[in-house]
Structures are given as C-alpha cells and as structure tokens.
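The values are calculated or read from the model by the stated rules, or taken from the named source; none is laboratory data. The structure presented is a predicted model; accordingly, all values stated were derived computationally and were not measured. A quick note on method: Cβ atoms are made from the backbone with ideal geometry, for glycine too, and the neighbour counts reach across all protein chains shown.
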C-alpha cells in the first residue's frame, strides 16, 4: 500500500461487535483489518493499468478532438470566407454572382440562402431604380417635347395662338404636375410622414361619391358596376381612405376590358371592416403578385399612358392601410380578374369602471 500511495496512513485495526440473544449478551465478535482501506497485489495491478489506460485514452481523445475541431473550423471558415467575399461584392453593387455552396451546418446553410435572397432583392431594387429613371425621363420628355413644339411653333408664327393649342399645353403641364405629385407622395410615405386623423364616417357614401366621379368612364367602356350601398361606419382617416378606394377603383377600371364588370362589397366583422373590390379584367401573373405593392413596380412593362403611371399607387395604398393598422391583400388570375381585400381594424372602446369602498 505504501508503494501505491506514500501518503497512506493505514494500520492494523480492530472493531468489536456484541453478540445479543434474547436481550442477553452472550459474547463478543472481534474483527481485525488493515485500514482505512487496503488493496491486494491484484487490485493494485488493475488500478495502475486502469489509470494508464485512462491517461492514454485522455491524450488520444484530446488529439482526436483537436484534429476534428481543426477540420470543422476549416470547413466553417471556408464557407464564412465565401459569404464574407459575397457580402463585400454586394457592398460594391455586384449582385449577379450567387453562392452555390451547400453546407451541412444548418446555420451556415441558412446564412448562404439569406445572402442569396438579399443579393436577388438588391438586384431587383436596382432594376426598379433604373426602370424608374427611364420611366420618369420618358414621362417628362413626352409632355415637355409637346409643349416645346407648340410654343416654338406659336413663337415663330407658324401656328396661331389659339385657345385649343394653349389648352393642349396646359393639359401636358397638368400631366407633369400629377407625375411629380405622385413622386412627392411616395417620398412622404417612405419617410413615414403619413399623418392619420381618424374619425367615424359612413364608408358607403364615400364609395358612392367616388363611383359617380367615374360614371363617364364606366359608360364609355360599357363596364357594369355591382355595388349595393349600405350604411357601414368605419373609424379611419376619410381623406386617406378616399385615396385608397380611388386607387383601387382606378386600377380596376384601367385593367378591365370593354363590357367588363366591377363589384364592390363592404362588410362589418367582429374586429375589422372589410372592403372588397373585384374586377373581371386581364388579371395579374403569379410571378408579379408578390411585387405589385413595391414602389415603381408595374405589371405592364410598356409605357402605355393608359395603364402607365410610375407604379406608386399601390405602394401608397398599402402604406396608408398599414398606417391604420390594417392589411391589404390581392387575389388574381390571368384573364379572370383581380380582387383587392382591405381590412381596417374597428375602433376600440375602452370602458373604465371606478369602484369606491366606504
């Protein structure tokens, strides 16, 4: 035992036990042992072999863990380096190259997919900005060219300055003003400058008034309007909701063919007021649906003035609805029509109860 442990303080010890039978002590059992603990030669050999094996396994495990850790860290760092390079390219405006690596590490794989989605989103934003520049340039160039031509002809005496020609120039100026107004409205929306002044009013009267404004357009295109006015009180900003409904009716009118149909329905639910505006027009492709509320996005890529604009109407509509705490969704199928669903939360009535104990 001293060869096993130099600090062993063992010695021969005895311990006595009384032998009792029928509550009478009939003898004493004395045991002798070497204590406080004792190993024989075989046990000592086993312990030393076990300790040696434990040390070997421990050292081997450390070496194995180091090697595995080095391999894993190299694999992770390799993926992270590629992601870092891709992020650096994104900061330089290079969006086209995508990360094609697939990692077995869930978090790294999610990060790779997120970077690719970010790259795609930034690329789309850049395309929209370029498209905006082209659209605005074209929309401004056309009326300016027309006004310039009219003015030059009248200044040079080629054309006589008549009321009709001045009216034509005036119309082009108004058109440019509308374009600039749309961009200003969008700027206010993006800067979160949407001021909401809520009040209770009858939404059916507002819709009826707006429909009357488009009576001539409906008659020209032979479009049937299905709307059954019924008094529905809504708690929102009347001017802003007028803008929302006007945008949706304008869209339905623009994209509806002759002899089409537009249906409007307003319903009260437990927590929301729901407005549905549906048309039987050309519809929206599934690929375009996720983007129609993005600024400057237009389903009709052509610059047709009848379906044109700069693509901010629905963006403003969504911003106004969300400022009210509501939602706007769209359902559409090509050549079958489109339906916009607006939900505005109802006014919350808070009642206070005071209890007095005397």
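Here are some notes:
- Lone qualifier among 140, 111, 118 - being out of contact with any strand residue (DSSP E or B) (no Cβ under 8 Å at 6 or more places or on another chain) and more than 26 Å from residue 74 (Cα to Cα): 140
- In the set (1) surrounded by fewer than 11 Cβ atoms within 10 Å (Cβ to Cβ); (2) over 30 Å from residue 126 (Cα atoms); (3) modelled with pLDDT under 85, residue 88 fails one condition alone, (2).
- Qualifying residue in the stretch 240-250 (condition: surrounded by 20 or more Cβ atoms within 10 Å (Cβ to Cβ), more than 27 Å from residue 197 (Cα to Cα) and touching a helix residue (DSSP H, G or I) at 6+ places or on another chain (Cβ under 6 Å)): no
- Of all residues in the stretch 251-267, those that are surrounded by fewer than 15 Cβ atoms within 10 Å (Cβ to Cβ) and either on the phi < 0 side of the Ramachandran plot or under 28 Å from the mean Cα position of the chain (by Cα) (or both) total 3.
- Qualifying residue in the stretch 48-55 (condition: exposed (fewer than 10 other Cβ atoms within 10 Å of the Cβ), farther than 30 Å from residue 127 by Cβ and not assigned by TED's automatic domain parsing to the domain that holds residue 127): no
- Qualifying residue in the stretch 73-92 (condition: under 60 Å from the mean Cα position of the chain (by Cα), at positive phi and not in a strand (DSSP E or B)): no
- Only one of the numbered conditions (1) surrounded by 10 or more Cβ atoms within 10 Å (Cβ to Cβ); (2) in contact with a strand residue (DSSP E or B) (Cβ under 9 Å, 6 or more places away or on another chain) is not met by residue 80, and that is (2).
- Residue 334 fulfils the conditions (1) modelled with pLDDT of 85 or more; (2) surrounded by 14 or more Cβ atoms within 10 Å (Cβ to Cβ); (3) over 23 Å from the mean Cα position of the chain (by Cα) except for a single criterion, (2).
- Some residue of the stretch 259-273 being part of a helix (DSSP H, G or I) and under 21 Å from residue 335 (Cα atoms): no
Okay, residues lined up against (1) touching a helix residue (DSSP H, G or I) at 6+ places or on another chain (Cβ under 8 Å); (2) at pLDDT 80 or above; (3) surrounded by 13 or more Cβ atoms within 10 Å (Cβ to Cβ); (4) not assigned by TED's automatic domain parsing to the domain that holds residue 265:
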site: 164; (1), (2), (3), (4): no, yes, no, yes
site: 168; (1), (2), (3), (4): yes, yes, yes, yes
site: 203; (1), (2), (3), (4): yes, yes, yes, no
site: 210; (1), (2), (3), (4): yes, yes, yes, no
site: 223; (1), (2), (3), (4): yes, yes, yes, no
site: 229; (1), (2), (3), (4): yes, yes, yes, no
